[in-house]
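Q: Just passing along the structure, written as structure tokens.
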2 protein chains.
Amino acid sequence: MRVFNFSAGPAALPEEVLRQAADEMLDWHGSGMSVMEMSHRGKEFMSIHEEALVDLRELLAVPSSHQILFLQGGGLGENAIVPMNLFGTKPRADFVLTGSWSQKSFNEAKKYGTVHLAASGQTADGFTRAPAHAEWQLSADPAYVHLCTNETIHGVETFDIPDLGDIPLVADASSHLLSRPMDVAKYGVLFGGAQKNIGIAGVTVVIVREDLLDRAMSVCPSAFEWKTVALNNSMYNTPPTYAIYIAGLVFKWLKKQGGLRAIEARNVEKAKLLYDTIDAGSFYKNKVERGARSRMNIPFFLADESRNDDFLAGAKARGLVQLKGHKSVGGMRASIYNAVALDGVKALVEYMKEFERRGA
Amino acid sequence: MRVFNFSAGPAALPEEVLRQAADEMLDWHGSGMSVMEMSHRGKEFMSIHEEALVDLRELLAVPSSHQILFLQGGGLGENAIVPMNLFGTKPRADFVLTGSWSQKSFNEAKKYGTVHLAASGQTADGFTRAPAHAEWQLSADPAYVHLCTNETIHGVETFDIPDLGDIPLVADASSHLLSRPMDVAKYGVLFGGAQKNIGIAGVTVVIVREDLLDRAMSVCPSAFEWKTVALNNSMYNTPPTYAIYIAGLVFKWLKKQGGLRAIEARNVEKAKLLYDTIDAGSFYKNKVERGARSRMNIPFFLADESRNDDFLAGAKARGLVQLKGHKSVGGMRASIYNAVALDGVKALVEYMKEFERRGA
């Protein structure tokens, strides 16, 4: 029996995608090979790769000004790869801090240049806000402004994205990419590890505006230099072929669901159901300001934290798994990515109500 | 129908491994989840990861002085990651060049320090030799000596590994790792992309002696700093979980085959069969010196190169695929990794003999 999986990543995948991957495992489309066994330079894999790119461009409406790259190293890798690619002439950047992930990006960028704190969403309750653009105090001439548009650990999502004009906006969108439409033209760089809404761990999607491909530091490794990767169509080094294949299957699935507008509507409904349950009384609590609450990662706390293990054990017994909060914030966290169906969220809120009744 | 797959990588996998992966795709061991969907911090994936490490250590007899890390970025990534990890105090290294891969490592290391050419196997026929240790002209005090123990493109394998005493030997063993036993104690660092004998593209095995974990340059990205990766048991950033799972299945398969001594005996037999066929007349040719011929990657050329396409088309019609040589050297290349069965090599040499008879 399949469980309802609320993991923050690697995370639930659509069952249809898993079935297709299993069916094609020994022989992809009559090739006599698994996708795992294909040369990345062969026509079979080239077609898989090309189709994934085309579908992703269509889904996210990526303009022709931007290239789509598949890299390795995940979001944490990009924390170094971004400054190494953009600090070539101006080794300085501004950061908007909204949680652990932007904090990590900020700290890692210090290795490569000067970092400036433009705004912070930290309050006495931890990271609970997404500072509005009016609050951002940008420096004079940064190479870029970094923002994590969805903080997986703190559950803070930034919905209001400014147009910064000439200053490239770099967004770590790992945990909400493909959960809703985005105006990609507003971003210089948009990146995300795949293990949330895109596919499996091991491939990073990097969408970069073409004029930013020429700003790398000399210490940037060739395998992670966007220009080199772009010129080689993400095949400068052997790409994580199977991860790209799974992402391609997820893109097809998303198109069948009606694309990002349709999936967004479902995500809004799922998130509302869960937040409404949390807000209904004082038994559960989410600390994030209403306008900055993530639709993807929803941390919540029991008023009586001594009952956390009890809550998690009861959830597990009902097939509701991977609900434990990140160790740095505690409590519970439900990640309700695209592949978590409304039924899963319904089962969770039913259990939450029952647990509350039992506890009262 | 499954083909005989001679791809240089990503490459053939054992059919048993593919069947098991397909069988477990929707529900791993009753967990109700695919391995793709598991948090890397959960007990299910932790057990998969731990078992892969234990099996790899046993298979390759990795001594307790060495740590096994799973990274991302492949062999090409390591070309930068190695100097960034070892040039912290002495930014200089020596290189033994035996083909394209060591050449690329040499060029990339220049970004981070001084490189010294200790020996080269290049002749008028291209890279055809593995310079013996007596020929290596080492510099006074290098941070390490780099060697590619098997050149995937040129088909040059180095079997005779010196003990360099205090100087760390770094070996790119991507395309022969796990094809035979190795004396790991002789190496400071041994690394390899998985997409040859280990599993699928997207995970890099790095085996590093513990005393070398403290020599990183300040520009080394945290996600690729071996010390950080080691301290976090390869989970500093989200590891490529599915690629580690597949590698684990391959390790179990290798143990069932009798381990590396048994697999080496089979590889010797397969390579002999193919080289004997090439050497039997003047119709086919391999240019590499006898003692340096790779058991894994066997490039060969027709005396009449105008018939290359004809040869490849005939091979494909018999289910012998991915035999085209690398574009930089031309001709044909048969990669006969562990998962390519003796039957596959027999089918290839039968076809080669038939093609020769037809052509005569």
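The values are calculated or read from the model by the stated rules, or taken from the named source; none is laboratory data. None of these values were measured; they are calculated from a predicted model. No Cβ is skipped: glycine too gets one built from the backbone with ideal geometry, and neighbour counts run over all protein chains shown. Calculation scope for accessible area: heavy atoms of the full protein, side chains included, ligands and nucleic acids excluded. Shrake-Rupley method; radii C 1.70, N 1.55, O 1.52, S 1.80 Å.
Q: Which value, in Å² rounded to 10, gives the accessible area of A:L164 with a 1.4 Å probe and all protein chains present?
A: 20
Q: Oh, and also: Other chains' Cβ within 10 Å of B:323-329 residues: what's the mean?
A: Averaged over the peptide's residues, the number is 1.
Q: For label points placed 7 Å from Cα toward Cβ, what is the shortest-first list of nm distances from B:E51 to its copies?
A: Between copies, matching label points for B:E51 lie 3.2 nm apart.
Q: Okay, moving on. Convert each backbone phi in segment B:340-352 into a coupling constant with the Karplus relation 6.51 cos²θ - 1.76 cosθ + 1.60 (shift: θ = phi - 60°), then list the ³J(HN,Hα) values in order as whole Hz, x for Gly and Pro.
A: Per-residue couplings from phi come out as 8, 6, 3, 4, x, 5, 4, 5, 5, 5, 4, 5, 4 Hz.
Q: Using modelled amide H (1.01 Å from N, peptide plane; none on Pro or chain starts), what sits under 5 Å from the amide H of B:L138, excluding residues fewer than 5 places away?
A: none
Q: Rank these residues by their accessible area, most exposed first, probe 1.4 Å: A:L178, B:L138.
A: Heavy-atom accessible area, descending, gives B:L138, A:L178.
Q: Distances from A:K186 to the same residue in each other copy, label points 7 Å out along Cα→Cβ, in nm, shortest first?
A: Taking the point 7 Å beyond Cα along Cα→Cβ, the inter-copy spacings are 5.9 nm.
Q: Could you state the number of Å between the C-alpha centres of segment B:291-336 and segment A:92-120?
A: 51
Q: Hey, another quick one. State, to one decimal in nm and shortest first, how far the label point of B:E15 sits from each corresponding label point in the other identical copies (label point: 7 angstrom along Cα-to-Cβ).
A: Counterpart label points of B:E15 in the remaining copies fall at 3.1 nm.
Q: So, one more: Among bridges DSSP assigns within the protein assembly as shown, what percent are antiparallel (round to 5)?
A: Around 55 percent antiparallel, to the nearest 5.
Q: Kindly report, to the nearest 10 Å², the accessible surface of B:S218 as traced by a 1.4 Å probe over protein heavy atoms only.
A: Counting only protein heavy atoms, B:S218 exposes about 90 Å² to solvent.
Q: Using only protein heavy atoms and a 1.4 angstrom probe, determine the accessible area buried between A and B, summed over both sides, in Å² to the nearest 100.
A: Counting protein atoms only, the buried area is about 4700 Å².
Q: Please find, in a Gaussian network model of chain B (springs between Cα atoms separated by less than 10 Å), the residue of B:G258, B:G74, B:G165 whose mean-square fluctuation is greatest.
A: Of the options given, B:G165 has the highest mean-square fluctuation.
Q: Any idea what the relative contact order of segment B:15-256 is, in percent, if you count C-alpha pairs under 8 Å spaced at least 6 apart?
A: The normalised contact order for segment B:15-256 reaches 26 percent.
Q: Protein chains only, probe 1.4 Å: how do B:D125, B:D23 rank by accessible area, largest first?
A: B:D23, B:D125
Q: Quick one: ranking A:R92, A:R180 by accessible area, 1.4 Å probe, largest first, what do you get?
A: Reading off the accessible areas and sorting them downward yields A:R92, A:R180.
Q: Could you give me the ³J(HN,Hα) list for segment A:153-167, computed from phi with Karplus coefficients 6.51, -1.76, 1.60 and θ = phi - 60°, whole Hz, x at Gly and Pro?
A: The phi angles translate into 7, 8, x, 10, 10, 9, 9, 9, 9, x, 9, 8, x, 6, 7 Hz.
Q: Show that you can apply the helix-only estimate: for chain A, add -39,500 (n - 2.57) for every DSSP H stretch of four or more residues, divide by all residues, and state [θ] at 222 nm to the nearest 500.
A: Value at 222 nm, helices only, nearest 500: -10500 deg cm²/dmol.
Q: Against the globular-protein guess of 2.2 N^0.38 Å, express the Cα radius of gyration of segment A:258-359 as a ratio, rounded to two decimals.
A: In units of the 2.2 N^0.38 Å rule of thumb, it is 1.04.
Q: Can you say what percent of the DSSP beta bridges in chain A, counting only those with both residues inside, are antiparallel? Round to 5.
A: Looking only at bridges with both residues in chain A, the antiparallel portion is about 55 percent.
Q: If the only charges are +1 at each Lys and Arg Cβ and -1 at each Asp and Glu Cβ, what is the size of the charge dipole of chain A around the Cα centre, to the nearest 20 debye?
A: Computed charge dipole of chain A: roughly 620 debye.
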